[in-house]
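Below: one structure, written as structure tokens.
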Amino acid sequence: MDRIPIGDHPDEPDNVVRLPGAGEVEDRADDGMSYEDALAADAESDDDEDGTSAPAPGSQVAALLEQGMKVSAGLFAAGATALADALRSTMPRDDEEATGPKDPAATLAGAGLGAAVTAAEAAAGAAKQVADTVGPAVTWLIEPRFAKDAGEMAAGGARVLDGQWKASQAEMIELATSFLGSLVPEIARGLADQVDLTALVRERVDVNAIVEDVDIDRILDRVDIDAVIDRVDIDEIVARVDMERLARSFPVETIVDRVDVDRVIARTDLVAIIDRLDLAEIAEEVIDEIDLPRLVRESSGMMANETVQTVRVQGMNADRLVSRVVDKVLRREARELLPSRPSAPTGDEAP
Amino acid sequence: MSGAAATSMRAFPAGAAERQGLRAGVVSRTGAMVIDIAYVGVLVAAGYAAYAGFRFLRKPAQFTFPELAMAEAAVYGYVVAVLILTISWTGTGRSAGARVMGLRLLGPAGARVGLVRAFLRAVTCVAFPLGLFWSAVSKRNASVHDVIFGTSVVYDWHDQVPEARTDDAPTG
């Protein structure tokens with residue numbers, strides 16, 4: 001599996017927090033002065049101050065200013081160091097890169113420290129220049145002895161400040177750490193916004209390999225199935241099931257085709273079933289339900305009916321034939337077959 | 001033998017439906033009369049057999065078939081026929097023979113005949129059965145008895161019995 005090359009990314013994203021002073025370290029390199037050289041220069045200047053028996057008041061003010069700047073620089077350096085550590089902790093542990101010259105966190109930390117010292121020295125130099133200019137006037141106004149006391153007081157103040165700085169260094173670091181504690185999540189969020197992690201994981205991560213390493217049995221051993229089932233509301237699930245649709249999609253025909261009816265019947269004890277049936281009672285009920293006399297009457301009646309109808313129709317035809325013959329012999333019109341109401345007998349009907 | 005005609009006939013053969021209610025001819029009526037005579041003969045024979053059986057059960061040892069002269073049998077038959085015809089005509093309007101042939105006797109108003117008219121007509125018919133054949137000549141298919149009592153015999157295959165007449169006075 002390929003490692004995600006966050007630290008080695010050639011193009012630095014825009015949302016990377018750039019520490020102030022990172023560019024200044026190059027300026028410093030251009031000046032040809034390293035961090036050690038700066039420290040040595042500081043020590044030399046201290047020796048010079050110690051060597052002078054009566055330093056000028058301006059130089060004391062400059063020393064105070066320089067000390068303040070150093071305190072700020074220390075604070076800044078501590079913050080920069082903590083930020084570098086925080087950044088390094090978010091990166092993959094690789095000895096070669098952690099110790100290599102390309103470690104961006106180390107570079108950032110060094111840049112922060114160098115920038116802080118450079119800023120402090122630049123400020124101190126400027127203050128010394130001002131003090132050298134204004135110093136004679138101040139000396140003229142102030143008595144030399146008083147000036148010497150003031151210089152000693154200033155040196156004491158600087159030492160106090162230095163002690164205070166050292167005493168509060170831990171507190172400063174802690175404050176910086178808490179500041180970074182809130183800063184790092186923001187950075188991570190900014191990174192997440194820029195990088196499509198889902199696509200990245202899909203592209204780079206072999207999920208199948210991970211799944212192969214997963215011990216499913218161990219996971220299942222830890223799952224309390226009964227508890228899960230207890231939490232499932234079966235009734236609600238059943239209520240949400242569309243039974244009509246389910247029944248429609250149910251392959252009844254297929255199931256029926258697969259059923260071996262002969263085998264089912266072969267396994268059925270028909271004699272036992274018949275023994276349990278009260279056939280006599282069933283027969284009586286059936287006979288009670290069927291109006292047998294009516295059936296016999298109707299069936300025999302239907303048979304006789306056809307014969308009777310035939311006889312009747314033939315009788316009708318014979319009646320008509322006889323009537324026509326008689327009427328023809330008697331030479332008269334057709335008969336009045338419709339009985340009149342009331343059909344009173346008339347004289348001409350006498351036999 | 002006459003019970004077969006008791007069933008209802010919902011579908012009539014071709015030519016039968018439109019002739020329902022018309023006066024019947026001599027052939028159908030003669031057929032009905034023959035059936036009635038046979039029916040009466042069977043009844044008389046059954047009565048004779050019943051009487052013989054009764055005698056057998058009463059005195060089996062001395063059992064002999066009862067002697068029945070033809071004249072005596074004719075009298076019995078005459079009585080039986082009058083009774084049967086009277087009851088049939090006042091009831092449904094048709095005797096056993098008329099039921100088989102699909103005929104019905106109607107009174108002067110087209111209704112059932114009354115008891116007196118039916119009885120007198122039955123007596124007349126049994127006494128003078130040949131009067132039936134006047135229907136072959138009559139323009140209205142009327143027999144002598146129809147002429148006397150103002151009745152008429154029609155084709156009626158329906159089971160529905162017409163209303164009874166209220167005025168039962170025989171005419172003629």
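Checking each residue in the stretch B:118-147 for being crowded, with 22+ Cβ neighbours inside 10 Å, within 12 Å of chain A (Cβ to nearest Cβ) and of a type outside the set (S, T, Y) picks out B:N141, B:A142, B:H145, B:D146, B:V147. None of B:L105, B:L68, B:L85 is touching a Cys at 6+ places or on another chain (Cβ under 7 Å), more than 9 Å from chain A (Cβ to nearest Cβ) and either within 24 Å of B:S143 (Cα to Cα) or of a type outside the set (F, W, Y) (or both) except B:L85. Every condition in (1) at the interface with chain B (Cβ under 8 Å from one of its Cβ atoms); (2) in a helix (DSSP H, G or I) holds for A:R332 except the one numbered (2). Here is the figure for the stretch B:91-128: residues that are part of a strand (DSSP E or B) and closer than 13 Å to A:P339 by Cβ total 4.
When every residue of the stretch A:194-201 is checked against the conditions, none turns out to be out of contact with any Cys (no Cβ under 6 Å at 6 or more places or on another chain) and more than 30 Å from A:L83 (Cβ to Cβ). When every residue of the stretch B:54-74 is checked against the conditions, at least one turns out to be in contact (Cβ under 8 Å) with a residue 24 or more places away in the chain and either over 30 Å from A:Q309 (Cα atoms) or in contact with a helix residue (DSSP H, G or I) (Cβ under 7 Å, 6 or more places away or on another chain) (or both).
Answer yes or no as to whether B:V26 is crowded, with 19+ Cβ neighbours inside 10 Å, modelled with pLDDT under 95, more than 14 Å from chain A (Cβ to nearest Cβ) and under 17 Å from the mean Cα position of the chain (by Cα).
Answer is no for this residue.
Of everything in the stretch A:318-350, what is surrounded by 16 or more Cβ atoms within 10 Å (Cβ to Cβ) and at pLDDT 85 or above? Give them in sequence order. Result: A:A318, A:D319, A:R320, A:V322, A:S323, A:V326.
Checked against (1) away from chain A (no Cβ under 14 Å); (2) within 11 Å of the chain's Cα centre (by Cα); (3) modelled with pLDDT under 90, B:Y39 passes all but condition (3).
Among the candidates B:S135, B:S95, the residue that is in contact with a Leu (Cβ under 6 Å, 6 or more places away or on another chain) and in contact (Cβ under 8 Å) with a residue 40 or more places away in the chain is uniquely B:S95.
Criterion first (facing chain B (nearest Cβ under 7 Å) and modelled with pLDDT of 85 or more) does A:Q314 satisfy it? No, not satisfied. Any chance the stretch A:209-216 includes a residue that's surrounded by 10 or more Cβ atoms within 10 Å (Cβ to Cβ) and acidic (D, E)? So far as the stretch A:209-216 goes, no, none of its residues is surrounded by 10 or more Cβ atoms within 10 Å (Cβ to Cβ) and acidic (D, E).
Any residue at all in the stretch B:15-22 that's of a type outside the set (A, V, I, L, M), part of a helix (DSSP H, G or I) and facing another protein chain (nearest Cβ under 10 Å)? Yes, there is a match, as at least one residue in the stretch B:15-22 is of a type outside the set (A, V, I, L, M), part of a helix (DSSP H, G or I) and facing another protein chain (nearest Cβ under 10 Å). Set side by side, the residues B:V113, B:V82 differ, and just one is on the phi < 0 side of the Ramachandran plot, surrounded by fewer than 22 Cβ atoms within 10 Å (Cβ to Cβ) and β-branched (V, I, T), which is B:V82. For the stretch B:148-155, does any single residue satisfy the condition of being in contact (Cβ under 8 Å) with a residue 24 or more places away in the chain, closer than 15 Å to B:S28 by Cβ and more than 7 Å from chain A (Cβ to nearest Cβ)? Scanning the stretch B:148-155, I find at least one residue that is in contact (Cβ under 8 Å) with a residue 24 or more places away in the chain, closer than 15 Å to B:S28 by Cβ and more than 7 Å from chain A (Cβ to nearest Cβ), so the answer is yes.
From the list A:T307, A:T268, A:T254, which residue is within 12 Å of chain B (Cβ to nearest Cβ) and not small (G, A, S)? Result: A:T307 is the single residue among A:T307, A:T268, A:T254 that is within 12 Å of chain B (Cβ to nearest Cβ) and not small (G, A, S).
The values are calculated or read from the model by the stated rules, or taken from the named source; none is laboratory data. Because the structure is a prediction, the values reported are computed rather than measured. FYI the Cβ positions are ideal-geometry reconstructions off the backbone, even for glycines, and counts take in every protein chain you see.
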